[in-house]
Amino acid sequence: MDADESVDKICRRMAELRRELVYDMQDVSRSAKAMASPSFYMRKFPWATLAVAAGVGYMLIPKKKKVVHPDMEALAELVRKNQVKINTSKASEESMMKTVAVMGLSWAAKVGMNYLVQQMTTRTAQAKSPGTAPSSPVDEPTNVKR
């Protein structure tokens, strides 16, 4: 009986360990979910969270552009020294042509998409209506008897 008692004792201990293992796994799962949540860190480390948020906010705000309002004498001096080049006619023509090209392409894309949608809706309506002719010879009924 000594061997049977030790076998029973081992079986009970294994069953107890399995139950403990289930509870341990549930605890690990709960703590992993809690640590994956941002609210955990906000509650546990409020000042560090605030510092990180302030740093990210500072990095997201664009830098102020320095605007210079020179007077006419300073502009004339820069032009004389060839530090500023003024050529408005060619640049405005190129930009206008680019704008017209983009407008034309966007219009053509819109018209093309409208045409495709119209064709698709027409074909689906024809396919669903019962009294229409078949669209291809494969769809035609056959009178072959087996």
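Each residue in 78, 60 was given a count of other beta-carbon atoms within 10 angstrom of its own, and listing them fewest first yields 60, 78. Whole-Hz Karplus values for region 14-19 come out as 5, 5, 5, 5, 5, 5 Hz, taken residue by residue from phi with 6.51 cos²θ - 1.76 cosθ + 1.60 and θ = phi - 60°; glycine and proline positions read x. Among 42, 25, a tally of other beta-carbon atoms within 10 Å of each Cβ gives an order, fewest to most, of 25, 42.
Set against the 2.2 N^0.38 Å expectation for a compact globular protein, region 1-67 has a Cα radius of gyration ratio of 2.43.
Across region 49-54, computed HN-Hα scalar couplings (Karplus, 6.51 cos²θ - 1.76 cosθ + 1.60, θ = phi - 60°) run 5, 5, 5, 5, 5, 5 Hz from first to last residue, x flagging Gly and Pro. Phi angles of region 108-119 translate, via the Karplus equation with coefficients 6.51, -1.76, 1.60 and θ = phi - 60°, into HN-Hα couplings of 5, 5, 5, 5, x, 5, 4, 4, 4, 5, 4, 5 Hz per residue; Gly and Pro are given as x.
Every read-out reported here was derived from the displayed coordinates using simple, explicitly stated rules and does not represent laboratory data. This is a predicted model, so every value here is computed, not measured. Heads up, the Cβs are rebuilt from the backbone with ideal geometry, glycines too, and the neighbour counts pull from every protein chain shown.
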